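First comes the structure, then the notes that go with it.
Every number here is computed from the coordinates shown, using simple stated rules; none is lab data. A quick note: this is a predicted structure, and the numbers were derived from the prediction, not measured. Don't worry about glycine lacking a Cβ; one is built from the backbone with ideal geometry, like all the others, and counts go over all protein chains shown.
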């Protein structure tokens with residue numbers, strides 16, 4: 001009765017194998033007279049595999065099994081040694097040991113049952129390995145530390161405070177840098193220079209930014225003293241030049257820079273004033289295109305003028321800058337001073353201004 005039960009059990013184990021219609025080449029290793037190896041070969045053949053019998057006394061070490069599998073291009077191996085069966089399969093990661101089937105002590109048909117169990121384990125392991133190789137490769141999941149928490153979860157981080165961003169990086173996030181100041185006001189001493197006449201002056205300038213790079217400016221150069229000129233007769237006249245103008249200035253660096261060079265140009269009015277000298281004689285005036293006028297009163301001459309301007313501002317502290325400015329221009333007409341019909345001074349063609357001033361800048 002006991003023997004009949006083992007036969008029924010073996011038949012039940014063999015039915016799923018026959019139904020699965022498995023395929024593939026399997027190496028079966030063991031001694032020529034090894035009943036377990038022969039049984040495994042028989043069971044695998046009944047399942048639909050192609051068992052290849054190998055009589056190799058090298059044992060069931062992995063190196064030996066790997067050599068058989070590689071030479072025979074097999075999908076797995078079942079190696080019998082000492083009554084145990086080592087089941088090997090070729091997976092996507094290489095050759096690996098699937099299981100070791102050992103006989104039971106109370107089993108009178110141990111070799112038969114070991115062969116059946118080994119064949120079943122080989123079939124199942126080979127099927128799993130085949131499915132793994134056929135499955136498309138999936139990208140590995142992202143590491144846990146990179147996953148962001150759901151929006152509903154607020155994360156509190158305790159640790160050292162992050163360093164503050166540099167001003168330059170903050171400006172780059174806010175947009176392109178600004179070159180022209182919002183407003184600038186300056187004052188200082190100047191020298192009005194001409195080919196025939198020069199005089200010290202007090203200069204005032206103001207600028208307002210009309211775009212990111214261009215500022216509209218105004219300047220006034222007013223004399224602080226006069227220059228006495230004498231005719232051959234001894235009569236004299238006191239003369240002093242001035243300049244009033246509007247300009248467009250273009251800073252070459254942004255408002256955060258320590259050194260700000262700027263260039264530009266302008267249009268304005270060149271002005272020459274003549275007054276009677278100590279002898280009370282009246283000077284005469286104006287452009288050489290007009291007739292000479294003789295009078296006992298103060299006289300003024302005006303002419304349209306154009307000029308180029310270059311300045312270099314250096315930040316001293318906060319919004320205060322020290323600026324060196326140079327102007328080169330020309331009046332449309334030369335302004336001439338005559339005393340008793342004698343030429344004593346002229347100014348305006350050409351003229352220049354050199355000034356050193358302090359400026360307050362609102363960025």
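Observations on the structure shown:
- For region 22-106, fraction of C-alpha pairs farther apart than 22 Å, in %: 16
- Cβ-derived FRET efficiency at R0 51 Å, residue 362 paired with residue 227, nearest 0.05: 0.85
- Relative packing of 78-87, 46-55, which averages over residues the other C-beta atoms within 10 Å, highest first: 78-87, 46-55
- Ranked by how many other beta carbons lie within 10 Å on average, peptides 211-217, 37-43 from highest: 37-43, 211-217
- Just so you know, the Rg over Rh for region 178-362 is 1.07, from Cα atoms, with Rh as the Kirkwood radius.
- Over region 178-362, relative contact order from alpha-carbon pairs under 8 Å, at least 6 apart, %: 24
- Packing-based ranking, highest mean first, of 117-124, 200-207 given that Cβ atoms within 10 Å are counted: 117-124, 200-207
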